Amino acid sequence: MAGIYIHIPFCKKACHYCNFHFSTSANYQNEMIDSILQELFIQKDFFENEKIETIYFGGGTPSFIETYQIERILNQIQNYFSLQDSLEITLEANPDDLKKEKIQSLKKIGINRLSIGVQSFFDEDLIYMNRSHHAKQAIQSIEDIITAGFTNYSIDFIYGFPLLSDEKWQKNIDLLTHYQVPHLSCYAMTVEAKTALNYLIEKKENSTNE
Ligand code: SF4
């Protein structure tokens, strides 16, 4: 199966646990997209006679950048690669980016699957993680993508952090069941080196040892 993954390395905020490659400054967005277009051109013979079945925009936060930039990348892929009719095009999105107009514009350029970084439906958890969205925005984004006609989408959740209880986890799952979310991805929170979370834990440990 042939697929193309495009990494969009920009985010609105730095989540405390994250060690992915990203920048919270979008200053070099144009240069970055130009480089991706160039790389696609360089790799144009990579798949030879294979047809592309999936395109995945990950990050970072692909929904953070303007839709026309995503469209530029899709046009480049179309120009230089052979695409399967039933092509799946996924875009990772954060709830606060998924305003109604944005959802419509993404749909219009061919995005047919969304992967949404909800992580929790509780504000206290989202603040703990330093996420850029609130619980209400998470619920609103799910309602809005359903209204826009998206049937293929996935929700990301995080478990295994001190604030999360069984009751809260159950409430999170109940909401997903209520909206009949078709796919759920759950990730255990891990403390990675050089992250704000690691720094905060070490700081707390040091202060309790003093
Ligand atoms: S939005 Fe995603 S990529 Fe960006 S900092 Fe948060 S977890 Fe990392």
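With (1) in contact (Cβ under 8 Å) with a residue 12 or more places away in the chain; (2) among the aromatic types (Phe, Trp, Tyr); (3) surrounded by fewer than 15 Cβ atoms within 10 Å (Cβ to Cβ) as the list, and residue 157 as the residue in question, which single condition is left unmet?
Failing condition for residue 157: (3).
One residue is enough: does the range 116-134 have a residue meeting the conditions away from the ligand (no atom under 13 Å from the Cβ), under 16 Å from residue 92 (Cα atoms), surrounded by fewer than 16 Cβ atoms within 10 Å (Cβ to Cβ) and at pLDDT 95 or above?
no
Which condition does residue 58 not pass, out of (1) within 16 Å of the ligand (Cβ to nearest atom); (2) touching a helix residue (DSSP H, G or I) at 6+ places or on another chain (Cβ under 8 Å), if it passes all the others?
Evaluating residue 58 over (1) within 16 Å of the ligand (Cβ to nearest atom); (2) touching a helix residue (DSSP H, G or I) at 6+ places or on another chain (Cβ under 8 Å) leaves (2) as the failure.
So which of 31, 39 ends up being of a type in the set (D, E, K, R), part of a helix (DSSP H, G or I) and under 30 Å from residue 131 (Cα atoms)?
Selected residue: 31, the only one of 31, 39 that is of a type in the set (D, E, K, R), part of a helix (DSSP H, G or I) and under 30 Å from residue 131 (Cα atoms).
When you go through (1) more than 24 Å from residue 131 (Cβ to Cβ); (2) surrounded by 15 or more Cβ atoms within 10 Å (Cβ to Cβ) one by one for residue 6, which number turns out not to apply?
For residue 6, the failing item is (1).
More than 16 Å from the ligand (Cβ to nearest atom) and either touching a Lys or Arg at 6+ places or on another chain (Cβ under 6 Å) or at pLDDT 95 or above (or both): is that true of residue 71 in this structure?
On the way: more than 16 Å from the ligand (Cβ to nearest atom): yes; either touching a Lys or Arg at 6+ places or on another chain (Cβ under 6 Å) or at pLDDT 95 or above (or both): yes.
Spelling it out, residue 71 is indeed more than 16 Å from the ligand (Cβ to nearest atom) and either touching a Lys or Arg at 6+ places or on another chain (Cβ under 6 Å) or at pLDDT 95 or above (or both).
Any idea which of 14, 2 is small (Gly, Ala, Ser), under 30 Å from residue 125 (Cβ atoms) and either within 16 Å of the ligand (Cβ to nearest atom) or at pLDDT 95 or above (or both)? First the steps, then the outcome.
Details: 2 fails: under 30 Å from residue 125 (Cβ atoms).
Answer to the check: 14.
Could you tell me which residue of the range 113-136 is farthest from residue 75 (Cα to Cα), considering only residues that are assigned to a loop (DSSP other than H, G, I, E, B) and out of contact with any Asp or Glu (no Cβ under 6 Å at 6 or more places or on another chain)?
Top of the filtered list is 122.
Could you tell me whether any residue of the range 21-42 is crowded, with 19+ Cβ neighbours inside 10 Å, of a type in the set (Ser, Thr, Tyr) and within 11 Å of the ligand (Cβ to nearest atom)?
Looking through the range 21-42, none of the residues is crowded, with 19+ Cβ neighbours inside 10 Å, of a type in the set (Ser, Thr, Tyr) and within 11 Å of the ligand (Cβ to nearest atom).
Give just the number: which of (1) more than 16 Å from the ligand (Cβ to nearest atom); (2) of a type in the set (A, V, I, L, M, F, W, C); (3) surrounded by 15 or more Cβ atoms within 10 Å (Cβ to Cβ) does residue 93 not satisfy?
Here residue 93 clears every test but (1).
The values are calculated or read from the model by the stated rules, or taken from the named source; none is laboratory data. Keep in mind that this is a model prediction, so the values were computed, not measured. Don't worry about glycine lacking a Cβ; one is built from the backbone with ideal geometry, like all the others, and counts go over all protein chains shown.
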